[in-house]
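The values are calculated or read from the model by the stated rules, or taken from the named source; none is laboratory data. In this text the structure is predicted, and so the values were computed from the model without any measurement. Positions of Cβ are generated from backbone atoms using ideal geometry, with glycine treated the same way; all protein chains shown enter the neighbour counts. Just the protein is used for accessible areas: all its heavy atoms, side chains included, with ligands, DNA and RNA removed. Shrake-Rupley method; radii C 1.70, N 1.55, O 1.52, S 1.80 Å.
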Amino acid sequence: MPVRVVLPADPVLGHPEQEVVARLWRRPQTETGWVYLVGLPSYRDLEDGGVEAAEYRVWVRAPDHVRPVDGVDYDQVPTEPLPSAPPTSVVREGRGPARGVLHASDCEEAPQDAPLLGVEQALNVAENPGTRLCTLCGCAQELTPLLRGFDQISDS
């Protein structure tokens, strides 16, 4: 899938940041956030003195160094959330627009008797418009990339 990669500014040459379209190969989550394996277009020298098109693969941090290409669906890109994600508990709260709140299992706001959900179950519950993700415990930060994937990245 195509993706825009933000190249760093070069103060020595006086160049601002630049963007180049690259190929997105994988997007695993690490302890420090999401990283993307991208293939940047390049050239390589041949032994006979010629030059040919090549691809240079490198890991970049999302969203700092990548931007989506408008109109591209990134659902087919291999996405690998952290395998050791803690179970999530769901709390049902009365009436109103936010009828349920998802918390991490160790959140101080989660009631003791709330049922524990696996990641897949938590994602299904989180997709319900009546469910809110707790921002105090980090549940929102953990599940939002899994719910929205690449689409959650903005230019801000």
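What number goes with the only condition from (1) modelled with pLDDT of 80 or more; (2) outside any loop (DSSP other than H, G, I, E, B); (3) surrounded by fewer than 17 Cβ atoms within 10 Å (Cβ to Cβ) that residue 120 does not pass?
Looking at each condition in turn, residue 120 falls short on (1).
Looking only at the range 61-112, filter to residues that are among the β-branched types (Val, Ile, Thr) and not in a loop (DSSP other than H, G, I, E, B); which one of those is modelled with the highest pLDDT?
Narrowing the range 61-112 to residues among the β-branched types (Val, Ile, Thr): 66, 69, 72, 77, 79, 88, 90-91, 101.
Then keep just the ones that are not in a loop (DSSP other than H, G, I, E, B); that gives 66, 79, 88, 90-91, 101.
Working: 66: 95, 79: 89, 88: 58, 90: 57, 91: 59, 101: 84.
For the range 61-112, the residue satisfying everything is 66.
Of all residues in the range 1-45 being small (Gly, Ala, Ser) and not in a strand (DSSP E or B), which is nearest to residue 72 (Cα to Cα)? Steps first, please.
First, the residues of the range 1-45 that are small (Gly, Ala, Ser): 9, 14, 22, 33, 39, 42.
Within this subset, residues satisfying the condition of being not in a strand (DSSP E or B) are 9, 14.
Details: 9: 26, 14: 32 Å.
If we take residues in the range 1-45 being small (Gly, Ala, Ser) and not in a strand (DSSP E or B), then 9 is nearest to residue 72 (Cα to Cα).
Any idea how many residues of the range 50-73 are exposed (fewer than 13 other Cβ atoms within 10 Å of the Cβ) and closer than 20 Å to residue 141 by Cβ?
Within the range 50-73, residues that are exposed (fewer than 13 other Cβ atoms within 10 Å of the Cβ) and closer than 20 Å to residue 141 by Cβ number 1.
Just the residues that are modelled with pLDDT of 95 or more and of a type in the set (D, E, K, R), please, taken from the range 20-47.
Across the range 20-47, the qualifying residue is only 23.
Just to be sure, is residue 25 touching a helix residue (DSSP H, G or I) at 6+ places or on another chain (Cβ under 7 Å), in contact (Cβ under 8 Å) with a residue 12 or more places away in the chain and not basic (Lys, Arg)? Working first, answer last.
Working: touching a helix residue (DSSP H, G or I) at 6+ places or on another chain (Cβ under 7 Å): no; in contact (Cβ under 8 Å) with a residue 12 or more places away in the chain: yes; not basic (Lys, Arg): yes.
In short, no.
So residue 42 clears everything in (1) open to solvent by less than 50 Å² (accessible area, probe 1.4 Å); (2) closer than 29 Å to residue 142 by Cα; (3) touching an Asp or Glu at 6+ places or on another chain (Cβ under 7 Å) except one condition, right? Which one?
(2)
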